[in-house]
Each structure stands twice: as C-alpha cells, then as structure tokens.
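Structure first, commentary second.
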Amino acid sequence: MKGKSSGNNRTQTAEPAGVSLRRGASALLWTASLSGVFFGLRELDAQARQIGTHERAADVRIEFVDVPAWLREPRNRDILEEVAATAEYRGEQGTHSARLCEDVGVSLERSPWLKTVRQVEKRSDGLVRVSATFRAPLTMVVRGGWAYLVDEAGVRLPRQVRIDFVPPADWILLTGSQGAIPKVGETFNGPDVAAGLRLVKTVVERAALGMLRARADLRAVDVSNYKGRVDARDAWIRITTSSPESYIRWGLPPGEEYGIEASAPMKLAVLEELCRRNGGTLPKIGPVDVRNDDRVILGGS
C-alpha cells in the first residue's frame with residue numbers, strides 16, 4: 001500500500017499490512033454482473049471497534065477511486081461508508097499530520113471488505129483518495145439456519161442473515177460444509193468449502209456470459225457428501241434446484257475430474273442442452289446425473 005500527500009505534504013510510503021447481489025465472478029465480467037442486484041442485507045454481526053490511542057478519522061473526507069460496478073449502486077453506498085468509517089490516524093496534528101496517509105491506509109487494510117489498499121493520497125484541498133481492491137461477494141455459506149456472506153476465497157464478509165430471508169433465486173448457496181464458523185474477515189476453511197466455492201464460481205461465470213439458462217433453476221451447491229463421507233457410491237457434490245423432487249448429481253469438483261468424469265464445462269453444456277430440450281427449464285423430476293460425458297441419466301435413486 002502506497003500513500004502520498006500532494007501540496008506541501010511529504011510523500012509517505014507504508015509497507016503492505018496486511019445484499020442486492022444476484023448472479024455474478026472473475027475479472028470485470030463477473031464483477032459487473034453483481035451490479036444492481038443488492039437486496040439490502042443488514043449487518044447483523046457488527047464487529048467491535050477499539051479506538052485506543054488512535055483517533056477516528058471522522059473529520060477526514062475519504063473518496064474511493066476505481067470502485068467496482070457493484071459498489072457504485074446507490075444501495076451499496078453503505079458498504080463504502082462502512083469501510084471509510086474504519087479509517088484512523090495518530091498524532092496531535094490531526095488531519096495535518098504527515099503520517100495521515102500512512103495511518104489511514106494501514107487502518108483501512110483491517111476492513112474485511114478490502115483485499116488490498118494500493119494507494120492513499122491527500123489532495124491539497126484535504127480530500128483523501130484511496131485506491132483499493134474490494135472483496136466481491138460470491139455466495140453465502142449456510143450453517144445452522146444462518147447464511148454467511150463470503151467472497152470467492154471463502155473470506156467471511158460483514159453480512160449474515162437467517163436462511164429464511166434469503167431470496168432463493170438471487171443466490172447459489174453453499175450448503176453441507178463442515179468446520180468452525182470463522183470470525184468476520186477470516187476464512188471458512190476446509191476442502192469441502194473450497195470445492196464448493198469453485199463450483200459456485202464456475203456456474204456464476206458461465207451464467208454471466210449468458211450461456212447457462214439453467215441458472216434460473218439452480219439454488220445451492222451441496223457438499224454434504226464430499227469425498228463420499230455419507231455415501232461412497234453417490235456423487236461428491238450435488239446441486240439442488242427449484243424443484244423439491246429433483247437435484248443434479250454433479251460429482252467431482254471442477255478441475256479434479258482427471259478423466260474419471262466429464263469436465264465442468266461439459267457438464268454445464270449438458271445442463272444447457274437439457275434445459276433447451278425441456279422448454280427452457282430443467283426437468284422437475286430427477287435426479288439429473290451429468291457425471292458421464294456421453295450421456296445424461298435422468299431418475300434413479
């Protein structure tokens with residue numbers, strides 16, 4: 001993270017320190033697909049903030065530059081305000097401190113919404129401009145009746161909601177994972193979570209390209225049987241659908257098929273073709289097995 005002050009202030013350099021959303025993930029295409037789908041999840045798990053010897057930079061005007069499209073939505077402004085409110089500085093000179101940019105940058109890097117703070121600059125008019133990389137929400141990890149917002153790396157973001165209040169068509173949830181629930185800003189660990197996140201991201205990216213009409217029927221990636229821990233003969237991963245009488249036997253995580261099963265792109269292409277043949281939706285009666293690259297198996301226990 002680099003910080004600098006324009007005008008008569010000295011240049012400061014700091015070493016690196018450490019929902020309306022619908023479908024949406026990789027690079028600009030995925031990030032842009034998050035725009036306009038904010039459904040206003042409230043922060044139910046606010047973090048305790050300790051000021052200590054620092055001063056809250058409430059008198060510092062902060063502007064984020066190069067903000068991603070999903071954060072430019074008016075209903076997402078509360079996230080930017082939330083991040084800006086974490087800014088702190090030290091020193092008796094207040095906003096005139098030569099350390100202002102460095103202090104603000106280091107304190108902002110503690111926000112779970114930020115992956116990195118690239119640069120902090122104070123203009124001659126007092127405005128502090130921040131260039132940062134934000135963590136874009138990908139899915140919600142479901143545990144014990146609660147849904148926890150996470151990014152593609154599984155980092156828990158400052159939003160959680162009862163599962164009953166999650167609009168079912170807006171998310172591809174991640175269910176059936178095991179392990180402890182991390183604190184906000186920490187990562188959901190476990191190979192089952194990592195595998196599920198890869199599949200969610202794969203589906204979201206395909207849908208963002210307009211190449212997956214079946215997306216409207218998909219509800220959750222279920223990793224309950226990851227590595228056959230429930231039934232060694234069944235698929236490691238399932239995808240639940242809008243029909244209670246059907247689900248998709250997906251199988252191995254994306255990138256781990258090793259010739260044993262069809263690749264993830266092939267499986268998605270099969271679902272798209274099945275959707276086309278079925279009038280634009282997936283079959284209401286299942287399950288649908290897409291693990292083989294030469295055929296789709298409908299039904300069966």
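Observations on the structure shown:
- Yes/no for ARG143 being farther than 25 Å from ALA216 by Cβ and not assigned by TED's automatic domain parsing to the domain that holds VAL60: yes
- Flag if ARG129 is in a strand (DSSP E or B), buried (at least 16 other Cβ atoms within 10 Å of the Cβ) and in contact with a Leu (Cβ under 9 Å, 6 or more places away or on another chain): no
- Among the candidates VAL200, VAL204, VAL270, VAL230, residue that is in a helix (DSSP H, G or I), among the aliphatic types (A, V, I, L, M) and over 22 Å from the mean Cα position of the chain (by Cα): VAL270
- Residues that are in a strand (DSSP E or B) and β-branched (Val, Ile, Thr) within region 154-197 comprise VAL155, VAL161, THR175, THR187, listed in sequence order.
- Residue selected from region 163-178 under the condition closer than 15 Å to LEU149 by Cβ and either of a type in the set (Asp, Glu) or touching an Asp or Glu at 6+ places or on another chain (Cβ under 8 Å) (or both), by the criterion surrounded by the most Cβ atoms within 10 Å (Cβ to Cβ): SER177
Here is a yes/no grid of residues against (1) in a loop (DSSP other than H, G, I, E, B); (2) of a type in the set (Lys, Arg); (3) farther than 27 Å from LEU218 by Cα; (4) at pLDDT 55 or above:
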| residue | (1), (2), (3), (4) |
| --- | --- |
| ARG23 | yes, yes, no, no |
| ALA32 | no, no, no, no |
| SER35 | yes, no, no, no |
| GLY40 | yes, no, no, no |
| THR53 | yes, no, yes, no |
| THR86 | yes, no, yes, yes |
| ASP103 | no, no, yes, yes |
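- Pairs with Cβ under 8 Å, 6+ apart, first in region 53-82 and aromatic (Phe, Trp, Tyr), second in a strand (DSSP E or B) and modelled with pLDDT under 90: none
- Evaluated against (1) part of a strand (DSSP E or B); (2) polar (S, T, N, Q); (3) within 30 Å of VAL221 (Cα to Cα), GLN119 falls short on exactly one condition, (3).
The values are calculated or read from the model by the stated rules, or taken from the named source; none is laboratory data. The shown structure was predicted, so the numbers you read here are calculated from the model rather than taken from an experiment. Note that each Cβ is placed from the backbone with ideal geometry, even for glycine, and that neighbours are counted across all protein chains shown.
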